[in-house]
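**Q** I am attaching a structure below and will ask some questions about it afterwards.
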Amino acid sequence: MQYSYFFAVLFCCFTQINFSQSRAIISGNVSDQFGSLPGARVSIEGTDQNTTTDVNGNYTLDVDEGEYVITAGFVMYNSVSKTTSVQVGDTVQVDFLLETGFSMDQPISVGSRAKPRSLLKTTAPVDIISPQEITNSSQIELSHILHYLVPSFHSTHQTIADGTDHIDPATLRGLGPDQVLVLVNGKRRHSSSLLNVNGTVGRGTVGTDFNAIPIASIERIEILRDGATSQYGSDAIAGVINIILKKQTEVINVDNRVGITTQGDGFTTYSAANFGLKIGKEGYINVTAEYRNRESVNRAGAYTGTVYTDDLVEDERLIQENNFFGQTGYSDKRVMEIGSAETQNLALGFNGEIKMSDNATFYLQGGRNYREGMAAGFYRFPKNQDRVVPELFPNGFSPQILTDIQDDVIAGGIRGVKNGWDIDFSHSIGTNSLDYTVNNSNNASLGVASPRTFYAGGFKYQQNTTNLDISKTFDWLKGVNLAFGAELRVENYQIIAGEEASYIDGGSTYLNESGDELPRAAGVQVFPGFQPENELDRFRTNSSAYLDIETNVSEKLLVKAAGRYEAYNDFGGQAIWKLSGRYRINDDISFRTGFSTGFRAPSLHQVFFQNISTQFINGESVQVGTFNNESAIATEAFQISNLKPELSRHFSAGVSGKLNENFTFTFDYYRISIDDRIVLSGRFAEGYETILEPFGVGAAQFFTNAIDSRTSGADVAVVYKTTLGSGKLDASLGANFTDTKVTGRIKVSPSLVGQEDVLFNREEIARVESAQPNYKINSLVSYEFDKFRFQMVNTLFGEVQFIHPDDGDPANWVLNEFSGTIESRDQTFAPKFTTDLSISYQFSDHVKCTLGGNNIFDVYPDKHEHSANTSNGNFIYSRRVQQFGVNGANYYFRLLLRL
């Protein structure tokens, strides 16, 4: 009886609340020329009340009696506002027909602390990647979506690079992965725990794992192409990438894709679901689940080297080698996997907010990404007696690197208004961990007692960030926005030791062809596990404060000044500033310019990373020790100083405008000078044998502030939209031209004077200057009519260069078996042009199918021209410098459901 009474009272209260909140209804439909627009946002001006349209483009708003201004908008569409009045009990129909607009007209949130304004009104260039571009992209990884849509962004799959095979380095404007800052909903994203130490773009740096962010959760992306460390803090030397998550609540999107290369490998499957739920009248939660599986791609060449020891007579050797290729299944003699590693990715993400009061909103976003990867290393042949236990692997083995990568983030905060001031207080926690397992290998020094699978250890990085941001716009002059705030960041970096069998020296020996007894290599083959003495757990704190002032001096002139001071507990403080302005020549054309100083603090990884790895140098394996700045060998033997921050100066100037309602353009010039760039040194071996012997390594390398650089370039973008026949034509062309030079002398410690070419040799200089394309031009053309959509994406990649470290002196040139002459191993790889094409058909409001192909003309980078660069025929294409990977043509089918 008591329970019945309780539920009756609860029902009455709910009924009263429900009726009190639904005194009148405003409903309607939002569409464009092709039909309904699911996920369009409808809001009531002057309030925080809003909603999104359902799969049929319909919306409903519960309101009180009164007069309202209703606004409907969708990213890359021109917003429309209508006024309506309602009385108690009314149901009013307000429909909207939206027309597509330009990115230049869209309000942007990155680059300014003031209210969002369009690109024509900002002081810095910003690219907007719209929801339509993300949805219609043929790529299934965020880094690749940006690679083919943003000319200044570069990221490709790497190969034979250990963990870097599974976390793609990503750069902006030709700088390093650690010189671009990534935000999600305006909050700093944590970096990866992986330090790139192999011979790839970004060697010696640590970046953000873009592919840990599910693409199905992203509404749009804003890319600020300007130095912004004074606004957002360390790392934003090249610019800022701000990823805006979805807020829609009325639609369930389900995306399924399958694809495969024309060579029959690289089979990919992709499935994602995104949906949202309303919380109360004005809150929401948007949830995403995403699964991605990519099988490996192999573009290795036929092995031309020897398999067994050289003491065999020719006939016997040929017989045994034929038996080897037959018994191992390598009938095509492709003994390695070179291309794209196998990965399996599972991600969950959410984004939401709830109204706490009329002046305060609580928001929360986060997610988890788990990735398993498998990549191959160099094949260990029976002839490698010091590295192969013949009783375990009579035919040698292809070691496998298995990675387990987990990326977690949660960020929440409260934003609101107090006494006219906009206040945002937030805290975020981001963690990235990577564990290595080496499979199908052996620790040769353990002999027949060696396992074949080893846990080799790993890394973990965590970042805790607390922010307070306060701003207010005053009616002084033509408008003044004052913003200030503070940030506290705590970082933690860990190296975790592997199991003992992965690194121990078991003392096993072998007899070489001369009958000499020699020790076998210690540690698991591919790379030894992290030893207990490598283990560490280090913390660092950073506190900062900033002041940002934007002043509309006149209707046409906007001036902006920003200053920031950051203090680290390990290397002190740094003050930086920025001054920029925008002048509106008329309503449709603006000129902007700016100058700023910046800095990037050494990452914890660069300060503390240390390990022993197996590196192949001119076909020979060498155990290389990376020693951090705390080690005695770095500070005493090599006299390496403690790392200090990189300091930068950034100048930019540009113009943007609309020539008419169909055509927009932007042009920007930039010049970035960076002093004391942190690099991973070359390998020091000769003359240091006695010092290195106790560590079981044949060479040493370390991090140091060795170089200065200057990067200059230009970004160009034009967009054209029009109606053509009964359809809509959208066309865009973007280009980035960049040139980076290492300036001045290589900086060495007193003990290394005269060894500048070892510390940072010509190959490493070229990695900074020419390992990324010197230009990239992207074009996108789409045409929609009736229920069809055609899209073509063309990309022209500029040239890249591989420079061999020893070939500066012609005396070191070697025989090229391809040409039969003594030649340099240096090579310039020519520009390449790729084309992606897709055709979509909208069966109904609920079902859309797409058939498409990437790189449909099966374009590959230039092949190696010197036989010595192929490593006995294994590498047809370069693994050191890459324009777009080596997958070749691939085709896919996609089914998109809206429920």
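**Q** Report, by residue number, each residue of segment 820-843 that is surrounded by fewer than 16 Cβ atoms within 10 Å (Cβ to Cβ) and among the hydroxyl-bearing types (S, T, Y).
**A** Result: T821, T828, Y841.
**Q** Turning to a different aspect of this structure: Tell me yes or no: at least one residue of segment 159-166 is in a helix (DSSP H, G or I), assigned by TED's automatic domain parsing to the domain that holds A562, under 27 Å from Y363 (Cα atoms) and out of contact with any Ser or Thr (no Cβ under 7 Å at 6 or more places or on another chain).
**A** no
**Q** I'd like to check something: does segment 244-257 contain any residue that is surrounded by fewer than 24 Cβ atoms within 10 Å (Cβ to Cβ), over 27 Å from A717 (Cα atoms), without any contact (Cβ under 8 Å) to a residue 40 or more places away in the chain and among the polar types (S, T, N, Q)?
**A** Within segment 244-257, none of the residues are surrounded by fewer than 24 Cβ atoms within 10 Å (Cβ to Cβ), over 27 Å from A717 (Cα atoms), without any contact (Cβ under 8 Å) to a residue 40 or more places away in the chain and among the polar types (S, T, N, Q).
**Q** Moving to a separate point now. Restricting the search to segment 565-578, which residues are part of a strand (DSSP E or B), of a type in the set (F, W, Y) and at pLDDT below 95?
**A** Y568, the sole residue that qualifies.
**Q** Moving on. In the set R745, R710, R762, R767, which member is of a type outside the set (S, T, N, Q), within 22 Å of G798 (Cβ to Cβ) and free of Cβ contacts under 8 Å to residues at least 40 places away in the same chain?
**A** Exactly one of R745, R710, R762, R767 is of a type outside the set (S, T, N, Q), within 22 Å of G798 (Cβ to Cβ) and free of Cβ contacts under 8 Å to residues at least 40 places away in the same chain, namely R710.
**Q** Let me ask something else about it. Which residues, counting only those in segment 524-564, are of a type in the set (K, R), in a strand (DSSP E or B) and under 30 Å from G594 (Cα atoms)? Walk me through it before giving the result.
**A** Within segment 524-564, the first condition is being of a type in the set (K, R), and the residues that meet it are 538, 540, 556, 560, 564.
This time we only want the ones that are in a strand (DSSP E or B), so: 538, 540, 560, 564.
Within segment 524-564, K560, R564 meet the criteria.
**Q** Where in segment 3-64 are the strands (runs of 3 or more DSSP E), entirely inside, with at least 2 residues that are assigned by TED's automatic domain parsing to the domain that holds I279, closer than 23 Å to I218 by Cβ and at pLDDT 85 or above?
**A** No strands (runs of 3 or more DSSP E) qualify here.
**Q** Moving on to the next point. Within segment 319-329, is even one residue among the aromatic types (F, W, Y) and touching a residue at least 60 places away in the same chain (Cβ under 8 Å)?
**A** Initial filter on segment 319-329 (among the aromatic types (F, W, Y)): 324-325.
Now drop any that are not touching a residue at least 60 places away in the same chain (Cβ under 8 Å), which leaves 324.
Yes - at least one qualifying residue is present in segment 319-329.
**Q** Which number in (1) farther than 24 Å from R415 by Cα; (2) buried (at least 17 other Cβ atoms within 10 Å of the Cβ); (3) outside the structural domain of N481 (by TED's automatic domain parsing) marks the one condition that I129 misses?
**A** Every condition holds for I129 apart from (3).
**Q** State which residue is farthest from N660 (Cα to Cα) when the search covers only segment 560-592 and only residues that are surrounded by fewer than 18 Cβ atoms within 10 Å (Cβ to Cβ), touching an Asp or Glu at 6+ places or on another chain (Cβ under 9 Å) and touching a residue at least 12 places away in the same chain (Cβ under 8 Å).
**A** Out of the qualifying residues, it is A575.
**Q** Another one. Please work out if H804 is buried (at least 19 other Cβ atoms within 10 Å of the Cβ), in contact (Cβ under 8 Å) with a residue 40 or more places away in the chain, more than 25 Å from H147 (Cβ to Cβ) and not hydrophobic (A, V, I, L, M, F, W, C).
**A** Judged against the criteria, H804 is a match.
**Q** Right, another one. Can you spot a residue in segment 718-739 that is buried (at least 22 other Cβ atoms within 10 Å of the Cβ) and modelled with pLDDT of 95 or more? Break it down stepwise before answering.
**A** Of all residues in segment 718-739, those buried (at least 22 other Cβ atoms within 10 Å of the Cβ) come to 736, 738.
Filter once more, so that each one left must be modelled with pLDDT of 95 or more: 736, 738.
Within segment 718-739 (the criterion being buried (at least 22 other Cβ atoms within 10 Å of the Cβ) and modelled with pLDDT of 95 or more), the answer is yes, since at least one residue qualifies.
**Q** So, one more: Could you please let me know if L659 is part of a strand (DSSP E or B) and either surrounded by fewer than 22 Cβ atoms within 10 Å (Cβ to Cβ) or touching a helix residue (DSSP H, G or I) at 6+ places or on another chain (Cβ under 7 Å) (or both)? Steps first, please.
**A** Numbers: part of a strand (DSSP E or B): yes; either surrounded by fewer than 22 Cβ atoms within 10 Å (Cβ to Cβ) or touching a helix residue (DSSP H, G or I) at 6+ places or on another chain (Cβ under 7 Å) (or both): yes.
Yes; evaluated as a whole, the condition is true for this residue.
**Q** Given (1) assigned to a strand (DSSP E or B); (2) among the hydrophobic types (A, V, I, L, M, F, W, C); (3) more than 24 Å from the chain's Cα centre (by Cα), where does I674 come up short, assuming only one miss?
**A** It fails just one condition, (3).
**Q** Follow-up. Tell me, which residue of segment 765-790 that is within 30 Å of T200 (Cα to Cα) and assigned to a loop (DSSP other than H, G, I, E, B) is nearest to the chain's Cα centre (by Cα)?
**A** Per the stated criteria, the residue is Q772.
**Q** Look through segment 348-383, keep the residues that are over 30 Å from G396 (Cβ atoms) and among the charged types (D, E, K, R), and return whichever of them is modelled with the lowest pLDDT. Give the steps one after another, and end with the answer.
**A** First, pick out the residues of segment 348-383 that are over 30 Å from G396 (Cβ atoms): 348-370.
Still in the list and also among the charged types (D, E, K, R): 353, 355, 358, 368.
Values: E353: 95, K355: 92, D358: 87, R368: 98.
Here the answer is D358.
**Q** I need a count of the residues in segment 67-111 that are touching a residue at least 60 places away in the same chain (Cβ under 8 Å), under 25 Å from D54 (Cβ atoms), touching a Leu at 6+ places or on another chain (Cβ under 9 Å) and not in a loop (DSSP other than H, G, I, E, B).
**A** 1
**Q** Another question, then. Just give me the residues in segment 146-160 being in contact (Cβ under 8 Å) with a residue 60 or more places away in the chain and either in contact with a strand residue (DSSP E or B) (Cβ under 8 Å, 6 or more places away or on another chain) or among the aromatic types (F, W, Y) (or both), in sequence order.
**A** Residues satisfying the conditions are L146, H147, Y148, L149, V150, P151, S152, F153, H154, H157, T159, I160.
**Q** Specify the residue that is farthest from F627 (Cα to Cα); the eligible residues are those in segment 504-527 that are hydroxyl-bearing (S, T, Y) and in contact (Cβ under 8 Å) with a residue 40 or more places away in the chain.
**A** That would be Y510.
**Q** Same structure again: Only strands (runs of 3 or more DSSP E) wholly contained in segment 197-280 count here; list those with 1 or more residues that are among the small types (G, A, S) and more than 30 Å from F857 (Cβ to Cβ).
**A** 239-245, 268-279
**Q** On to the next question. Looking at (1) on the phi > 0 side of the Ramachandran plot; (2) free of Cβ contacts under 8 Å to residues at least 12 places away in the same chain, which one does N660 not meet, given that it meets all the others?
**A** Single failed check for N660: (1).
**Q** Out of A449, A483, A521, which single residue is surrounded by 19 or more Cβ atoms within 10 Å (Cβ to Cβ) and within 30 Å of P394 (Cβ to Cβ)?
**A** Every option except A521 fails the conditions.
**Q** Output the residue which, of all residues in segment 474-502 that are modelled with pLDDT of 95 or more and assigned to a loop (DSSP other than H, G, I, E, B), is farthest from F381 (Cα to Cα).
**A** Looking at residues that are modelled with pLDDT of 95 or more and assigned to a loop (DSSP other than H, G, I, E, B), I get A497.
**Q** Does E817 count as in contact with a Pro (Cβ under 6 Å, 6 or more places away or on another chain), surrounded by fewer than 18 Cβ atoms within 10 Å (Cβ to Cβ) and in the same structural domain as L175 (by TED's automatic domain parsing)?
**A** no
The values are calculated or read from the model by the stated rules, or taken from the named source; none is laboratory data. All figures in this text were calculated on a predicted structure; none of them were measured in a lab. Ideal geometry is used to build each Cβ from the backbone, glycine not excepted, and the neighbour counts take in all protein chains shown.
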